[in-house]
Amino acid sequence: MDHTFKTALLIARQLFGKEESVLSKWQSFYNDIEKDMINLYDSPFMSFSFLALIKWLRKKEKEGIELYDILFNIELYVQEIYSYLGPLIQQEFEDSLDIMRGAASHEGQDLYQEASSYLEMNNTDVLYYLRDGISKNKFTFSKDTGRKMYQLPDKKKHVVQLSNHKDEDLKLKSIEDSMLWERTITNVLSAMDDLTADCLDVITMAWTEQTNSSTEMIQFSYEQVLEVCGYHRRKDGAKSFRIKDRLEVMKRLAALASIFIYVNEDNEIVVLSNEEQKNDFYKYKRQHIKRLFVLEDIVLAKDINTDEVIGIESCTIRPSEFLSNYLIGEKSTTALMPIKALQYSKDRHKYHKRLTRYLSWQWRIRQLSRTTMYRPFSIGGEKGLLSVMGIDSKNHKPARLKEVFENVLDNLQADHVIASWSYHQALNEQAMNQRDWFKSYWINQQIVIVPPQEMLHLQKSLQWRQESNEQQLEIFAESSLDQFVSSVNQKQESPVIEIQNGANDGQEEFENIRDTINQYKEQLKIPLRTLAEEVGISYSTLSRFLSNKTKRINGDNVEKIKKWIKHRELVDIL
């Protein structure tokens, strides 16, 4: 066994001697590995935190530090080890570790209580711009399509369209259902506002919490939106929500069902050419149209007197493939958003809602990029705070607009959404007394908005949890690839390798490689010629190898095959 494992166990006894749950599991895992390295993956005591310690020690060895130096000077490395292992140990052993959480300090208890003031929300640019476009109803009529459109200002310039048309993602059983659906959506296409954006948030949050794969559906009803957004129940003892509120949410759920995305993720360019005339060709961009949500078992609410459809009462729902990639895929990032963003009134506090969402998005970006949290925000301009809040300076008198703007910031501070705010530079009284003070001075100023410290702490904890999951994948991937490489390299002794005349172990090795490639070929559904191009060897060589019609193979080609398989295994793991 690798000497690093034994050193890791000795270090563990020094650092975690009083933590029986940690030491016991690590000792059992070590014992299993000592019997047979295959238990690295099969042991019931398998521990990612112990493997993380192994990885840390190997990293130190590469830096030129001897393991015995670490062992006999452990006090110099205590904080570094705790910091490195912290996320994994906290997740693996939950709340059993006093040593990692500082004996449950009052500060930690206060932080736990503060967590109920925040919601974990997707923080990708696409989701933010989509919410923003819905809340401010940025959809405009397009003469080309005859429908309302909105181009997201993200890097790929996705286009959002409102439509009542039907596709395979909408499970309607009859012509009558289809006609009813078309009438329903036509009536709600204009219902794009802050409440619709709230519905989007609640649906995506519920789906992310309840599912483990992109194809799973959840049962959803309008009451979930009312509950999360803190709507008041009636005071007549019925304990139900007000009729007006229920009807408004039903309408917004139907409005979300009208949203389609024009996707051009891979920037696919298709060329139509005339084989007889080389200069005769036409290029076009391939674009996919995806529904934002996939809906089934839709229960519509209809007016009992007029039979007009009001909206969606309940349905089973999941995000489309486009949206789910941003919620749980590799493109996903998560931020903490104050629950007040959903609880503020869509009518009286729409500026509060929009600014709260924006700050949550920006603070997370700054935290991830490790830039200063105190960088000021501009008041005016295309990306300024007035634009973020949707305040049109043309529709307000300057003094009133400034008052509204400052009141919103004061209210956010009173509600603990922000810690404090101030002008980046104190306002110049002389400039403010000028006749054109608004356009020439005030709108060009900047604001410093300080985030609550408890939010930053909670966000860091969330980041730790996410990093621990990534670290587990990284450890598992590295271990799997190390094991794979060692196994396929056992018989590699010459540039040209004899396949059939070698030992039985070598024969089995190539059979395993052959089986692995054939499995991937079937799984990926790609032609053999395309597969050969990806591997980097000729079509004929790969064909003879897979059909077992060659007795020898060039060593360079073997290395290319191994690298391709390693790449595919890493993709599967991650």
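The values are calculated or read from the model by the stated rules, or taken from the named source; none is laboratory data. On a predicted model such as this, the values are computed, not experimentally measured, just so you know. Note that each Cβ is placed from the backbone with ideal geometry, even for glycine, and that neighbours are counted across all protein chains shown. For accessibility, only protein heavy atoms count, side chains too; no ligands or nucleic acids. Shrake-Rupley method; radii C 1.70, N 1.55, O 1.52, S 1.80 Å.
Computed quantities for the displayed model
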read-out	value
Contact order normalised by residue count of segment 331-385, Cα under 8 Å, 6+ apart, percent	25 percent
Amide H contacts of His424 (H built 1.01 Å from N, under 5 Å, at least 5 apart or other chain)	Gln446, Ile447, Val448
Cα-based Rg of segment 391-453 normalised by 2.2 N^0.38 Å, two decimals	1.21
Built amide H within the under 5 Å cut-off of Leu295, gap 5+	Lys171
Mean projection area, nm², convex hull over Cα of segment 292-424	12.3 nm²
Listed pairs Lys55/Lys562; Lys138/Lys350; Lys143/Lys350; Lys62/Lys331; Lys244/Lys402 exceeding 27 Å between Cα atoms	Lys143/Lys350; Lys62/Lys331; Lys244/Lys402
Asp307 - accessible surface, heavy atoms, 1.4 Å probe, Å² rounded to 10	80 Å²
Selection of trypsin sites (Lys or Arg not before Pro), segment 310-362, meeting DSSP coil and at most 12 other Cβ within 10 Å	Arg348
Alpha carbon convex hull of segment 371-423, volume per residue in cubic angstrom	93 Å³
Radius of gyration and maximum dimension Dmax of segment 310-361, Cα, Å	14.6, 38
Under 13 Å, Cβ to Cβ, from Met337 - net charge with Lys/Arg +1 and Asp/Glu -1	+3
Over segment 52-96, volume per residue of the alpha carbon convex hull, in Å³	78 Å³
Mean-position separation - Cα centroids, segment 132-163 and segment 317-381, in angstrom	20 Å
Pairwise label distance in nanometres, Glu382 with Thr530, each label 7 Å out on the Cα-Cβ vector	3.9 nm
Solvent-accessible ranking of Ile517, Ile328, largest area first, probe 1.4 Å	Ile328, Ile517
Residue-count net charge about Ala197 - beta-carbon cut-off 12 Å; Lys, Arg +1, Asp, Glu -1	+4
At R0 = 30 Å, FRET efficiency that the Cβ-Cβ distance of Lys563 and Lys331 yields, to 0.05	0.70
